[in-house]
Amino acid sequence: MRAHDLRAELHEDRLSFLMEAHNALSARIVEESRFEGIWASSLTIATTLGLRDCNEASWTQILDVVESMTDVTTLPILLDGDSGFGSYNNVRLLVRKLCQRGVAGISLADRPFPKLNSFVGDLQPLAAIDEFCGKIKAAKDSQTDDDFCVIARVEALVTGNSLNEALRRASSYRAAGADAILVHSKRPTPHEVIAFGRQWARRTPVLIVPTTYPAIRPEVIRASGISTVIWANHNLRAAISSMRHVCRQIRAAQSAIGAQRAIVSVGEVLELFDHAELLHADRLYGAGGYDRAHGHPTGA
Ligand code: SPV
Ligand code: MG
């Protein structure tokens, strides 16, 4: 179902937006905010685990985090699968598990393993085209949900290669079975992704990650033939700035009173995952057990 929803979003005429989440809580907030889907970012999941974005986290660690997101949301989740955690064989194992756990799709980047974050350094290597096409084919042959989306992430532009090289690679990945192309750029302006979108001419859906060119306008994106925008790290960045602000304020004042307006109430925290339901469950199942509403054993 979720894979079907992601596929439908990619092919919609209107622009769709995937928002980053790095754990169950942020995934729930993305759903509350009515985004069309969730980007399970390698950068933000790794950072939340205290690790660096170069495959220091194992694929099973990532899988557990993503499963916790599926447990608390109904939105389609696109996993940032880096370069596939190894060879085509690792890709096969991962895709089978993602389908079992209700994840809607995977993005695979044409980079060697381990994959270092695209914003680190300038001279990062690309994978050989035939090796990467093998990973795409392996992913498509391993999916157990027909709608599962395999998205080929073209890293030619972020590694200093030409637009023609990006288009050449994208054509090979489409021929290998990719359902869509993610074209990444780290320029401060959107010109190269717009040029890519125009020349690609909707041969498959195209996704972009406008981290370094956030001023790009939705109507310009759509007119360039791009179908989906990924806001790849904004929830984590918001969390870091908000936590820093509150920590500094409380530390300096030796009091939490000044921070009250910047933080949600404890009641809102409890509501997020429906603590009220426990009171109902106590009435159904808790006879002789603990009455949470009154804080003493039932019947006491
Ligand atoms: C991520 O969110 O982990 C990405 C996007 O891969 S980027 O950090 O821009 O490489
Ligand atoms: Mg990543």
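The values are calculated or read from the model by the stated rules, or taken from the named source; none is laboratory data. The structure displayed is predicted, hence computed values, not measured ones. Quick reminder, even Gly has a Cβ in these numbers, built from the backbone with ideal geometry, and neighbours come from all protein chains shown. The accessibility values were calculated without ligands, DNA or RNA, using every heavy atom of the protein model including side chains. Shrake-Rupley method; radii C 1.70, N 1.55, O 1.52, S 1.80 Å.
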- Query: Are any of the residues in the range 10-17 within 16 Å of ligand 2 (Cβ to nearest atom) and modelled with pLDDT of 95 or more?
  - Reply: no
- Message: Take the conditions open to solvent by 40 Å² or more (accessible area, probe 1.4 Å), over 12 Å from Leu79 (Cα atoms) and within 15 Å of ligand 2 (Cβ to nearest atom) and apply them to Arg52. Does it pass?
- Response: yes
- Check the range 234-252 and report whether any residue there is touching a helix residue (DSSP H, G or I) at 6+ places or on another chain (Cβ under 8 Å), surrounded by 13 or more Cβ atoms within 10 Å (Cβ to Cβ) and in a loop (DSSP other than H, G, I, E, B). no
- Among helices (runs of 4 or more DSSP H) entirely within the range 21-132, at least 2 residues that are closer than 30 Å to His275 by Cα and within 11 Å of ligand 1 (Cβ to nearest atom) occur in 42-48
- Within the range 104-116, residues open to solvent by 10 Å² or more (accessible area, probe 1.4 Å) and under 18 Å from the mean Cα position of the chain (by Cα) come out as Leu116
- Item | Selection from the range 183-203 of residues that are more than 17 Å from Thr159 (Cβ to Cβ) and touching a Lys or Arg at 6+ places or on another chain (Cβ under 8 Å) | Arg203
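So that you can scan it fast, the table gives a plain yes or no per residue for (1) closer than 26 Å to Glu36 by Cα; (2) in contact (Cβ under 8 Å) with a residue 40 or more places away in the chain; (3) open to solvent by 30 Å² or more (accessible area, probe 1.4 Å); (4) part of a loop (DSSP other than H, G, I, E, B):
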site	(1), (2), (3), (4)
Lys140	yes, no, yes, no
Asn164	no, no, yes, no
Arg169	no, yes, no, no
Ser172	no, yes, yes, no
Ile181	yes, no, no, no
Arg198	yes, no, yes, no
Leu207	yes, yes, no, no
Ala215	yes, no, yes, yes
Arg222	yes, yes, yes, no
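On the given criteria, is Ala27 open to solvent by less than 10 Å² (accessible area, probe 1.4 Å) and without any contact (Cβ under 8 Å) to a residue 12 or more places away in the chain? Please lay out each step first, then the result.
Values: open to solvent by less than 10 Å² (accessible area, probe 1.4 Å): yes; without any contact (Cβ under 8 Å) to a residue 12 or more places away in the chain: no.
Spelling it out, it is not the case that Ala27 is open to solvent by less than 10 Å² (accessible area, probe 1.4 Å) and without any contact (Cβ under 8 Å) to a residue 12 or more places away in the chain.
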- Query: Within the range 73-101, which residues are farther than 20 Å from Lys137 by Cβ and open to solvent by 30 Å² or more (accessible area, probe 1.4 Å)?
  - Reply: Thr74, Gln100, Arg101
- among the polar types (S, T, N, Q), within 14 Å of the chain's Cα centre (by Cα) and within 25 Å of Glu131 (Cβ to Cβ) - does that describe any residue in the range 58-78? no
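Given the options Ile106, Ile45, Ile38, Ile77, name the one that is touching a residue at least 60 places away in the same chain (Cβ under 8 Å) and within 16 Å of ligand 2 (Cβ to nearest atom). Give the steps one after another, and end with the answer.
Details: Ile106 fails: touching a residue at least 60 places away in the same chain (Cβ under 8 Å); Ile45 fails: touching a residue at least 60 places away in the same chain (Cβ under 8 Å); Ile38 fails: touching a residue at least 60 places away in the same chain (Cβ under 8 Å).
Result of the check over Ile106, Ile45, Ile38, Ile77: Ile77.
Only one residue in Ala127, Ala156, Ala138, Ala152 is within 26 Å of Arg14 (Cβ to Cβ) and of a type outside the set (D, E, K, R), so which one is that? Steps first, please.
Numbers: Ala127 fails: within 26 Å of Arg14 (Cβ to Cβ); Ala156 fails: within 26 Å of Arg14 (Cβ to Cβ); Ala138 fails: within 26 Å of Arg14 (Cβ to Cβ).
Within the list Ala127, Ala156, Ala138, Ala152, the selection yields Ala152.
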